[in-house]
Each structure stands twice: as C-alpha cells, then as structure tokens.
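This report concerns only the one structure given below.
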Amino acid sequence: GAHRARHCRAEGVTYSDVEKFCLSLPGAKLDMPWSDTRVFKIGGKMFAVIVLDGKRPWGLWFKTSAESFEILTRLKDIEPCPYFARACWVEMKGLKALKPDELLAYLKRAHALVAAKLSRKMRAGLGIAAPASAQRNPFL
C-alpha cells in the first residue's frame, strides 16, 4: 500500500540527485547568480540550471544538441527554454518527463556539449579530455 508508493517515488530522480550528478561531472561548479536559480557551469559557461519558485525547485533547464532539442520539445512537460531556445536549451517542468537514466544522460551530454566549446587549454586545466571524435555525428 502506502509504503510501496513511497518506495516507487524514491526511485525517481530528485533535485538533490540532479545537483549531485551535475557537480560530479569533471570541472563542474555551482553558481547562484540569481536568488531563484542553481546554475551548473563548466569553464564559466552554463550547461544546466535548476529553476526555483521562491525556495521550491519547479524545473530544469539544460543544453541539448539540435537533434535532441527537436525530440525533447515534442514530449509532455518539455518546451523550448525561454531566452535560450535559439542555443538549443530546453525547459523541463518537474523531473518526471524523462526516465531517471535518460535525464542523467542528457545532463551528461549537456556538460559534454559545453565542455567541447572550451579551449583545449581550459579543458586540460579542468581535467577534461579533448572531445572524442566518436561523439561527433559525421553527417553534421
């Protein structure tokens, strides 16, 4: 009954899990430039944002590839991100629009996309290897 329902909820990703995961990525740092956001950056550039409404988190913004942007923005509760849609950012309301492993994979990819744009020297200083050619789509 009730115990089981609680257990199921615990299997989902929490905002705390998202924060821990983002900060576990190489060179990632937390910034709080505005009172209502928790911004995750690499080399001074944003790759994900937990958006707060007052003190309560209500959603997540993150960088995507152009292909992922097209796929994700067709899903329920995921839309083009205000102000950043042209740069292929999405806004996810809550954390349930994606399965936990999918969400973490997209956040890892967001980190990699932003890291790939950093200079070789900056990536080396952050302990990040050069972008793997296997991650690049040869048709683009």
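Short-range pairs are left out: with C-alpha atoms under 8 Å and at least six residues apart, the relative contact order of the range 38-107 is 26 percent. Computed with every protein chain present, the accessible area of GLU67 is close to 80 Å² [probe 1.4 Å]. Here the extension length gained between ARG56 and LYS29 equals 7.6 nm, from 0.36 nm per residue of separation less the Cα-Cα distance.
Under the simplified labelling scheme, the TYR83-ILE71 pair shows an inter-label distance of 2.8 nm, with each label point 7 Å from Cα along Cα→Cβ. Taking label positions 7 Å along the Cα-Cβ direction at both ASP17 and THR37, the computed distance is 2.5 nm, reported to one decimal.
The values are calculated or read from the model by the stated rules, or taken from the named source; none is laboratory data. Please read these numbers as outputs of a predicted model, since none were measured by experiment. So basically every Cβ, Gly included, is an ideal-geometry build from the backbone, and we count neighbours across all protein chains shown. All accessible areas refer to the heavy atoms of the entire protein, side chains included, with ligands and DNA or RNA removed. Shrake-Rupley method; radii C 1.70, N 1.55, O 1.52, S 1.80 Å.
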